[in-house]
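Some notes on the structure that comes next.
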Amino acid sequence: IAALAILFFSCQKIEYSGEYSKDGFYNTGNKVYFYFAEQKDSINHYSFGAEWIEHTRQIVKIPVKITGLPSKKPLTFKVSVDEKASTAKVNKHYTAFSGEFQIPADSVKGYLNVEVWREHLSSDKKDSIRLVLQLENTPDLQAAFPENKKVIITMDDYLEEPFYWVYYSFYWGPY
C-alpha cells in the first residue's frame, strides 16, 4: 500500500514546461531531422561496382521527418554540404542542388534526393568518396536532434571479391 501511495503522489508533482503539455502533446514548432532506424544508418553507401557500365548516375534518397503535427502547407528545409568533411566535389561526383527542399503538405516525411555520378570514381581501388550533408535552420523548420542533423553518402565503383569466392575459384578461376 505504501508503494502505491508513493507512486500515486510522485506522479502528481510532474511539471510540464517547454516542449510538452500536461496531456503529453508536443507543444513547440515543427523541427526537421534525418530519419534512420539506427544511428549506424546515418551512412548511406552506394556502389556502382555491380551495375552495368551504362549506369552512370543514381539518385540516393535520404528520408527526412519532422517532429510535431503535419502542416497544411509544404515546409521548407535546407541542406548544406560540409566541404571540410567531404571528399566529393560538386559536378564531379554529385549534381549540384539548390539546398532547399520541401516536405509535402499534410505529411511528416519527405526525401532529400541526391544524384551521385560514376564517371570519376575508381574501379581499381576500394576508396570511397564521401559527401557529408547537414541540415540548416529555416523560418519553417529548425534542425531537431544534434545526432540526426548530419548524414554521410559514400560512393565507389569497386566490385569486391565475395568472401565465398574461394569455394568457386576451383571451377571458375580467380575473381
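The values are calculated or read from the model by the stated rules, or taken from the named source; none is laboratory data. Everything numeric here is computed off the predicted structure, so don't read it as measured data. Using ideal geometry, Cβ is built from the backbone for each residue, glycine included, and neighbour counts are taken over all protein chains shown. Accessible surface is based on the protein model in full, side chains and every heavy atom, while ligands, DNA and RNA are left aside. Shrake-Rupley method; radii C 1.70, N 1.55, O 1.52, S 1.80 Å.
Each of the peptides 57-67, 117-127 was scored by the mean count of other Cβ atoms within 10 Å over its residues; in descending order, highest first, they stand as 57-67, 117-127.
Counted residue by residue at 0.36 nm each, then reduced by the alpha carbon distance between them, the extension gain from Gln102 to Thr56 reaches 13.9 nm. Working note: Karplus 6.51/-1.76/1.60 with θ = phi - 60° gives the stretch 68-78 the couplings x, 8, x, 9, 6, 10, x, 9, 8, 10, 10 Hz, where Gly and Pro are set to x.
With all protein chains kept in place, the per residue accessible area of the stretch 65-146 amounts to 56 square angstrom at a probe of 1.4 angstrom. For the pair Lys125 and Tyr111 in one chain, pulling the backbone fully straight at 0.36 nm per residue adds 1.9 nm over the alpha carbon distance.
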